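The numbers here are math on the coordinates, done by the rules we state, and not lab data. The model shown is predicted, which means the values in this text are computed figures rather than measured ones. All Cβ positions, glycine included, derive from the backbone under ideal geometry; neighbour counts span all protein chains shown.
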Amino acid sequence: MNRKKGIAIHWFRRDLRLTDNPALAEACSYEWVVPIFIWDPNSSWERALGRASAWWLNQSLHALSAQLQQSDRQLIIAVGNPVDILGDMVRASKAEAVFWNRLYEPKTLRYDASLRNRLSRQVKHVGIFDSYLLVEPDQALKKDGTPYRVYTAFYNTIRKIIKTHSLCPKAILPPLPPGNYPSAPVDTLNLVPLKSWTEGLAALWYPGEEHAQRVLKDFVQNHSAHYKIQRDLPYEEGTSRLSPFLHFGEISVASIFHRVASLQGAQKSPFLKELIWREFSHHLLVHFPNMEVEPLNKSFEQFPWQQNESLFKAWTQGRTGYPIVDAGMRQLWKTGWMHNRVRMIVASFLVKDLLIPWQRGADWFWDTLVDANLANNTQNWQWVAGCGADAAPYFRIFNPILQGEKFDPEGLYVKTWCPELSKLPKKWVHKPWAVPEIKLPEFGILLGKTYPFPIVDHVRARLRALLAYDRIRKKI
DNA sequence: TGAAATGTTGGGGCG
DNA sequence: ACGCCCCAACATTTC
């Protein structure tokens, strides 16, 4: 193979893969390559990781290291600020090029711009590549040049723009340049905070590129055909479960999109529609960088939210007394993941039944989801709260009982995560408070002891939410 | 990517 | 046989 003379650095961030990694592919066209991951304890270029994400990253770094070792290469792990680390590495290795893939959080975009400036004075080439999204945010604007705020219109445009480009083949890494390159062992980064907690995550998830490929293959072969119906049933394996791999770039969105789009009858695939929701979220966060903390719809700044720590805590711990909500919150805590249908239900419950600010829910998800992603998390919470782009109307309030009966009719999901309800007949599994008192012992339930009473009455909570939304609506 | 309230229709019981 | 009432089932509107 003809390699360019000289030395290139590839900075691994959320692109922890060898296949279809354009920045890495470019680096690998050089004679020598330094593949580096930088752990920055001060989070100078990104939001500080949540605990579940940190655990995932730890496992992913092990996986990537092992992958490189298979071909006798080494992942260099450094600790510090990327500006300093990369500057030092350029000097130490005498590199003439630095490459990485673009990410879209506002903080990262700012950091990248100044980093590119700094490095441009030191090296011949600084290359930032597009691979985290299907379409760049400046490529999907309305005719008047402003961003889309309505999903369907955005979707139609995106489908027209996406071109089938060929994916980069798996990178074959050239050796490290001559010299001494100290590397921190993954476990010295202290990314795993609570071992007793992460054991539950470890039982379910196998981070890393090789497993991501297997998960995609399994989804395409066994689940994608039933996705439209099955994805809404939390007890079924109906969703792809690719989100954490996608977040950390262990698989590229283009490779998922093109694989699924090539299937029979995939033109209107609801799965592709979900992938494009991910695009929408990222584009919105680029165009409205404050939406991480502020509602897109300004009238919501006046919304009469309630701060109630004990209700919030009951929600996080899965003690609301609504089985479908509690099952979801417990699945989240035990596995670092929650089924998408249930995410909508628990989010609606926090925001509309408890009137707790969506930002609190977003923060909890950020900390506990292995697929926590700032753009998706922010966009989806604003959507549920009714203040986002193309948001659910304020009056659309999920009824946790009906949602349970509709999507978990046998109560199998509920009983998996709330085993204290396992003896309940399906008639009452979503409303244990309605069981005639004389039957409770038969089902092994002591309401208020083994399972809580509802912390709010949904019918009244709904009316209260409508009143609250009414107050801001009149001010529009 | 809801749910409740309200409106409409049509079949069957019954005087 | 006919009209009236009831109410389930479905449709539409409203929150």
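Collect residues whose amide H, placed 1.01 Å from N in the peptide plane, falls under 5 Å from the amide H of residue A:101; neighbours closer than 5 in sequence don't count. Under 5 Å from the amide H of residue A:101 lie the amide H atoms of A:13, A:129, each far enough along the sequence or on another chain. Dipole magnitude for segment A:261-417: computed about the Cα centre from +1 point charges on Lys and Arg Cβ and -1 point charges on Asp and Glu Cβ, it is near 320 debye. Computed from Cα atoms, the angle from the helix A:82-93 axis to the main principal axis of chain A rounds to 30 degrees. Going toward the positive end of the dipole of segment A:49-175, with +1 on Lys and Arg Cβ and -1 on Asp and Glu Cβ, which of A:120, A:151, A:76 do you reach last? The one lying farthest along the dipole's positive direction is A:151. The residue among A:389, A:164, A:356 whose Cα reaches farthest toward the positive pole of the charge dipole of chain A, with charges on the beta-carbon of Lys, Arg, Asp and Glu, is A:389.
Put simply, the convex hull of the Cα atoms in segment A:298-473 casts, on average, a shadow of 9.7 nm². Taking other residues whose beta carbon is less than 10 angstrom from the beta carbon of residue A:456, and scoring Lys, Arg as +1 and Asp, Glu as -1, yields +1. Residue-wise HN-Hα couplings along segment A:114-127, as the Karplus relation 6.51 cos²θ - 1.76 cosθ + 1.60 with θ = phi - 60° gives them from phi, are 6, 5, 4, 4, 4, 5, 4, 6, 9, 10, 5, 10, 10, x Hz; Gly and Pro carry x.
Per residue of chain A, the DSSP helices (runs of n ≥ 4 H) give a summed -39500 (n - 2.57) that works out to -12500 deg cm²/dmol at 222 nm. Evaluated with a Cβ-only charge set (Lys, Arg +1; Asp, Glu -1), chain A carries a dipole of roughly 1020 debye about its Cα centre, given to the nearest 20. Using the Karplus relation 6.51 cos²θ - 1.76 cosθ + 1.60 with θ = phi - 60°, the per-residue 3J(HN,Hα) values for segment A:381-395 come to 5, 5, 4, 5, 5, x, 9, x, 6, 6, 6, 4, x, 4, 8 Hz, with x marking Gly and Pro. The residues neighbouring residue A:47, those whose beta-carbon lies less than 15 Å from its own, together hold a net charge of -3 under the Lys/Arg +1, Asp/Glu -1 convention. Volume per residue of the convex hull around the Cα atoms, evaluated for segment A:4-132, comes out as 101 Å³. Distance between the pseudo-spin-label points of residue A:151 and residue A:42 (7 Å out from Cα toward the beta carbon): 4.0 nm.
The HN-Hα couplings worked out from phi for segment A:441-449 by the Karplus form 6.51 cos²θ - 1.76 cosθ + 1.60 (θ = phi - 60°) are x, 4, 9, x, 10, 10, 4, x, 10 Hz, whole numbers, x standing for Gly and Pro.
Its residue count N fixes a reference of 2.2 N^0.38 Å for segment A:326-417, and the Cα radius of gyration divided by that reference is 1.04.
Among the trypsin sites (Lys or Arg not before Pro) within segment A:298-339, which fall in a DSSP loop and have no more than 13 other Cβ atoms within 10 Å of their own Cβ? Mind showing how you got there, number by number?
Values: sites: A:298, A:313, A:319, A:330, A:334; in loops: A:319.
Here no trypsin sites (Lys or Arg not before Pro) fit, given the DSSP loop and packing criteria.
Across the cross-link table entries A:5/A:94; A:217/A:415; A:334/A:415, which are compared at the Cα atoms, the separations over 20 Å belong to A:217/A:415. Compute log10 of I(q)/I(0) for chain A with the Debye formula, placing one identical point scatterer on every Cα and leaving out solvent, at q = 0.13 Å⁻¹, to two decimals. For chain A, the Cα-only Debye profile gives -1.27. For residue A:33, the residues whose amide H sits under 5 Å from its own are A:8, A:176, ignoring neighbours fewer than 5 places away on the same chain, with H placed 1.01 Å from N.
Charge dipole (Cα centre; +1 on Lys/Arg Cβ, -1 on Asp/Glu Cβ; no other charges) of segment A:191-314 amounts to roughly 340 debye.
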